[in-house]
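The values are calculated or read from the model by the stated rules, or taken from the named source; none is laboratory data. Worth saying up front: this structure is predicted, and the values here are computed from it rather than measured. Glycine also receives a Cβ, built like all others from the backbone with ideal geometry; neighbour counts cover every protein chain displayed.
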Amino acid sequence: MNTNGNNPGIQPLGARVLLKPIEQEDRTSSGLYLPETAKEKPQLGVVIAVGDDEEIKLQVNDKVLFAKYSGTEVSYKGDTFLLMDVSDVLARVTS
């Protein structure tokens, strides 16, 4: 498993990855505040830990795009993470 100092103590097994979702901003570009009910479910995240499957092509700290309703939401020590199968990750964001 590949990890860094951000590892919350959760170790994915097999072909799974642990992601920290990147939340949508509270305001629009025109300055309007969005209520919680109007926000989209996050689809962008940062890889926190990678499982032990040798075929995983992701690394810790990669920014990735994932399917909207994929993964299992895990709350641990006050933080929220997504634990998902690597096949639910759609792309690596490079910019």
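At-a-glance table
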quantity	calculated
Inter-residue pairs, beta-carbon under 8 Å, first more than 18 Å from residue 94 (Cα to Cα) and in the range 48-61, second among the small types (Gly, Ala, Ser) and surrounded by 14 or more Cβ atoms within 10 Å (Cβ to Cβ), 6+ apart	51/15; 53/15; 55/15
The range 73-92: number of residues that are small (Gly, Ala, Ser) and touching a residue at least 24 places away in the same chain (Cβ under 8 Å)	2
Those residues of the range 1-25 which are in a loop (DSSP other than H, G, I, E, B) and modelled with pLDDT of 70 or more, in sequence order	8, 9, 10, 11, 12, 13, 14, 15, 22, 23
When residues of the range 54-63 are limited to those that are closer than 13 Å to residue 85 by Cβ and either among the β-branched types (Val, Ile, Thr) or in contact with a Lys or Arg (Cβ under 8 Å, 6 or more places away or on another chain) (or both), the one surrounded by the most Cβ atoms within 10 Å (Cβ to Cβ)	56
Residue count, the range 40-95 (criterion: under 18 Å from residue 13 (Cα atoms), in a strand (DSSP E or B), within 11 Å of the chain's Cα centre (by Cα) and of a type in the set (Gly, Ala, Ser))	1
